[in-house]
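Chemist: The structure under discussion is supplied below as structure tokens; questions concerning it will follow.
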Amino acid sequence: MSDSDLIKENEKVAHRVFRFYSRKVFLAPNNRHFHEQRINAALLLTEKEPLQGAVADFFYGCWFDIPYDVNNLFTRIKDRLTPEAKQGFRDCIDKKSYIQRNSMLATRWSVLVSPSLNEQKQRLRISSDDAREIARDITAELLQARASQDWGTLEQIENEFFAYCTVRNDRLAFSLVWFSLGKSDWQFDQRWDNCQQHLDQTIKPTTPP
Amino acid sequence: MSSYLNADKTYLTLTPAGIFEAFSQNEPTDEQLALQDLLSYGQTLLAADWLQRYSDIWLQSFIEHGWIEKLSLLLPAPNLPLDQFLPYVVASLSGKRRAAIGSDEGFCLARIGYSQEEADMLSVAAADFSGFMLRQKQRGWAVESQAISFFQQVDLLIPETSFVFLWIDGAGYVLIIDGEPLTNSRAFVELVWALKTSGLKFLN
């Protein structure tokens, strides 16, 4: 078995353990042991969203422990969280905030809390894990099409990618693909500029909390 | 008027759990119609406007059930043509980013990750299941508001394929999700909001 096959197999196993404990957490929301086992499984995954979702559930289900007995666990996980999520959870530990049933810190992998819609429109449909995966796939497909000199396919992939970025306001995927292709001397035409301008126009000023 | 929220400054929307509750029946109850009303407009409703039509007790109950979320900002409904919007939104509902949406007549409306052939086959299967569930309801087995998952492994842990049935303005839809279903998502709310308000506008 190659290294990449082994990594994929380990990810599958971790996903199964994660889901197993997701069920346990759903049935026993206050059981800290189940939450910790689920977080341990999430740490084995490459995606960040399952970990954030599991931690949000833990902070909601075991709210009574959070200000007193969570520092060791948080030290283990904090570097795997986005800066915003890390700060959000830190505020809960410091008693400045707490996780509600609808929370900005919840993700689609959460089972006790739901992602809140109470944030800016352009962020609604973006998953950073999805954006990275899509960017990786699209870059590989475009470079493959260029290597095969399949210009029709190349243009089609580009157009589908622009449509995707526009619909999901996914600036992250657009930027990742742009930089990756830029390193490979990509010829960016007007359509790339148009897509970038469209994405820039949808940025709204952040409202202070 | 509700005393526990600033009804003229607070907007209301459905949560993912609220979507399941509101759109699971082909003949919705009055309470379910009141929930559906929240996603019937081009933007989120003010609590004050909703409370002119429905009771404060219902609102309190819906919030306690986790079906409604209170918002501090106005959100516009998705306004892109459905064929541009649906594929990318349904993708995030699947752990493998393979998903489709079909009508209860067996037509595939949008797909991503699946080939056209796979999506067509699954949409026809979904229509069969939808009919099956309606027939069971008539016989007294209340399965109509439930989803169906198929598993390959004996522990029934992660489904291979799941079907989620939704009724929007009398029309039946089914979400077809490959792998782990991730419907606890803002995309799920936006998907139904788009279907409810679009008047089924497709570009092509």
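Chemist: By DSSP, what percent of the beta bridges with both residues in the protein assembly as shown are antiparallel, rounded to the nearest 5?
Modeler: Among the beta bridges of the protein assembly as shown, antiparallel pairing accounts for roughly 95 percent.
Chemist: Karplus couplings for segment A:172-178 from phi (6.51 cos²θ - 1.76 cosθ + 1.60, θ = phi - 60°), rounded to Hz, Gly and Pro as x?
Modeler: Computed from phi, the couplings for segment A:172-178 are 5, 4, 4, 5, 4, 5, 4 Hz.
Chemist: Right, another one. With runs of 4+ DSSP H residues as the only contributors, calculate the mean residue ellipticity of chain B at 222 nm using -39,500 (n - 2.57) per run, divided by the residue total and rounded to the nearest 500.
Modeler: Helix contribution divided over all residues of chain B: -11000 deg cm²/dmol.
Chemist: Right, another one. What residues qualify as long-range amide H neighbours of A:M104, i.e. H under 5 Å apart, gap of 5 or more or another chain, H built at 1.01 Å from N?
Modeler: Placed amide hydrogens put A:S116 under 5 Å from A:M104.
Chemist: In addition: Cβ neighbours within 10 Å, averaged per peptide: list A:109-118, A:177-186, A:82-91, A:67-76 in order, most packed at the top. Write down the numbers at each step before the final one.
Modeler: Numbers: A:109-118: 23.6, A:177-186: 13.9, A:82-91: 15.5, A:67-76: 12.1.
For the peptides A:109-118, A:177-186, A:82-91, A:67-76, the packing ranking is A:109-118, A:82-91, A:177-186, A:67-76.
Chemist: Related question: Using a simple spin-label model with points 7 Å from Cα along the Cα→Cβ vector, what separation in nm is obtained for B:F150 and A:Q100?
Modeler: That separation, rounded to one decimal, is 4.2 nm.
Chemist: Still on this structure, I have one more. I need the phi-derived Karplus couplings for segment A:133-142: 6.51 cos²θ - 1.76 cosθ + 1.60, θ = phi - 60°, integer Hz, Gly and Pro marked x.
Modeler: Per-residue couplings from phi come out as 5, 5, 4, 5, 5, 5, 4, 4, 5, 5 Hz.
Chemist: In peptide B:84-93, what is the residue-averaged number of other protein chain Cβ atoms found within 10 Å of each Cβ?
Modeler: Average neighbour count from other chains, rounded to a whole number: 4.
Chemist: Find the relative contact order for chain B and round it to a whole percent, using C-alpha pairs within less than 8 Å whose residues are 6+ positions apart.
Modeler: About 26 percent, as a whole number.
Chemist: Against the longest principal axis of chain B, how steep is helix B:186-197, in degrees 0 to 90 to the nearest 10, with axes from Cα atoms?
Modeler: For B:186-197 against chain B, the angle is about 80 degrees.
Chemist: While we're here: Over all residues in B:177-186, what is the mean tally of Cβ atoms on other chains that come within 10 Å of each residue's Cβ?
Modeler: Whole-number average of other-chain Cβ neighbours for B:177-186 is 5.
Chemist: Could you list, in their original order, any pairs among A:K24/B:K70; A:K78/B:K96; A:K24/A:K95; A:K8/A:K48; A:K48/B:K96 whose Cα atoms are separated by more than 24 Å?
Modeler: Correct reply: A:K24/B:K70; A:K78/B:K96; A:K24/A:K95.
Each reported figure results from applying straightforward, stated rules to the coordinates on display, with no laboratory input. What you see is a predicted model; the values in this text were computed from it and never measured. So basically every Cβ, Gly included, is an ideal-geometry build from the backbone, and we count neighbours across all protein chains shown.
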